[in-house]
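For reference, the structure discussed in these notes is given below.
The values are calculated or read from the model by the stated rules, or taken from the named source; none is laboratory data. Note that this is a predicted model, so its numbers are computed, not measured. A quick note on method: Cβ atoms are made from the backbone with ideal geometry, for glycine too, and the neighbour counts reach across all protein chains shown. Remember, those area values only see protein heavy atoms, side chains included, never the ligands or the DNA or RNA. Shrake-Rupley method; radii C 1.70, N 1.55, O 1.52, S 1.80 Å.
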Amino acid sequence: MLSIYIGYDPRESIAFYTLAHSILRRSSVPISIAPLAQSQLKGIYRRQRGPTESTEFSLTRFLVPLLSEFRGWSLYMDCDMLCRVDIAGLAAEIARHGDKAVLLCKHEYAPKGERKFLDQVQTKYPRKNWSSLMLFNNERCRALTPDYVNSASGLELHRFAWIEDRLIGELELEWNWLVGEYPHNAAARIVHFTRGGPYFEPYRNSDYAEEWFAEFESMRQCDRSSG
């Protein structure tokens, strides 16, 4: 079973549920999905929120190996994504990269804007968005102890200072296609509304927005039928 942790922020709860639905209804392999919510990490996560942390899960994502008891593989995803394919294709990458500690998309870009959703500052730094989707080989990520995650700088965490570069495996960019930063791509497998999801008014007409709203409506229909 593939354990999936999705970053959760109360301001984007609709995004969490829609992403989870998009994964569940396409998956052909057993999966479990859990929200990575600060309210459930008391006693483990002790940091005060910093000025550059645009969401509640900006740094809690690095606790996934600990939450997985440093065993097996786990997938972390930002909530502002939409899965367009069977997640089994991503899980299959584990067998091809079993010697790596983490698998991710190695983006090389500079954000186009200075602000993003809810007028947040668009922080720019090397390896930006590498950590927005990560397949953790949990046993090889033992450096991510609670003490380290609570004390290391955000840049140290997001730029993977905690691991040797040779242990960072690469996924195709289609597994984390940055909406608004990259051109529309019909072959994108997971799209990432990194500048702002279509559930925020300024981004209602972004690429793949119609697909996101169709997914949301599909989830609502399921809820109605079960009720």
Among 20, 95, 161, residue whose mean-square fluctuation peaks in a GNM of the chain (springs only between Cα atoms under 10 Å): 95
10 Å binning of all Cα-Cα separations within the range 1-40, expressed as whole percents from 0 upward: 29, 53, 17, 0
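Run the count for the range 9-163, please: Lys pairs, Cα-Cα under 26 angstrom, 8 or more apart or on different chains.
Taking the range 9-163 as the scope, the lysine pair count is 8.
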For the chain, alpha-carbon Rg over 2.2 N^0.38 Å: 0.96
Mean accessible surface per residue for the chain, computed with a 1.4 Å probe while every protein chain stays in place, in Å²: 46 Å²
Radius 12 Å from Cβ of residue 79, net charge of other residues (Lys, Arg +1; Asp, Glu -1): -3
Cut-off of 10 Å, at most 16 other beta carbons, DSSP loop: longest stretch of the chain lacking such trypsin sites (Lys or Arg not before Pro): 160-203
